[in-house]
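Everything on this sheet refers to the single structure shown next.
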Amino acid sequence: MESFRAGREFRGAAIEASARWVGEDLWVILAGGTRPHIGSLVLASSRPSLNDPARASATSSVLNRPGHLDERPGRALAERLAAALGCHVALACGIHYDRLDAPAIARVEELCAELGEELLGRLRGGGPG
């Protein structure tokens, strides 16, 4: 099985996204910072948009470790990939940096979105295994 990867650096530590097709489903890991871990698990499924059934959207369920903010970038990426690729996405997310303020957290979330777009481009070229 082919694995797809994308990475960025923030405050001297890598944030990486990797994905692998599992049949028609997608397994994704979004991790990094100074102490990568598993903070949230997201399962996202594509569906028609509630506002416009002609457009794709996604819905998700999350298991989140108490006190972790990993849900926000993880859910956003899982739903983006599920909607864009029309598949089910299982995503594990764990990014940690000590003492981040709100602007730094927002920057980490922006970097995760950038990683998602890069990963999406690579996945569209690779297709389901």
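Only the coordinates and a few stated rules stand behind these numbers; no lab work does. Here the structure is a predicted model, which is why all the values come from computation and not from measurement. Here Cβ is always computed from backbone atoms with ideal geometry, including for glycine, and neighbour counts include all displayed protein chains.
About its Cα centre, how strong a charge dipole does the stretch 1-127 have in debye, to the nearest 20, once Lys and Arg get +1 and Asp and Glu get -1 at the Cβ?
The dipole magnitude comes to about 100 debye.
Once amide H atoms are built 1.01 Å from N in the peptide plane, which residues 5 or more positions from ILE15, or in another chain, come under 5 Å H to H?
ARG8, GLU9, PHE10, GLY33
Can you give the helix-only mean residue ellipticity at 222 nm for the chain, where every DSSP H stretch with n ≥ 4 adds -39500 (n - 2.57) and the sum goes over all residues, rounded to the nearest 500 deg cm²/dmol?
Details: 2 runs with 40 residues, N = 129.
Here the helix-only value at 222 nm equals -10500 deg cm²/dmol.
Using Cα extents along the principal axes in Å as the read-out, say which of [x] 40, 37, 29; [y] 42, 32, 22; [z] 44, 39, 29 was calculated from these coordinates.
Step by step, Cα extents along the principal axes in Å for this structure corresponds to label [y].
Taking the number of other C-beta atoms within 10 Å as the exposure measure, put LEU30, LEU63 in order starting with the fewest.
LEU63, LEU30
Need the full-extension length gain, ALA102 to ARG5, defined as separation in residues times 0.36 nm minus the C-alpha distance. One decimal, nm.
Answer, rounded to one decimal: 32.2 nm.
Along Cα→Cβ, 7 Å out, is where each label goes; now give me the distance between the ones at LEU43 and GLU117 in nm to one decimal.
Label-label distance for LEU43 and GLU117, simple model: 3.1 nm.
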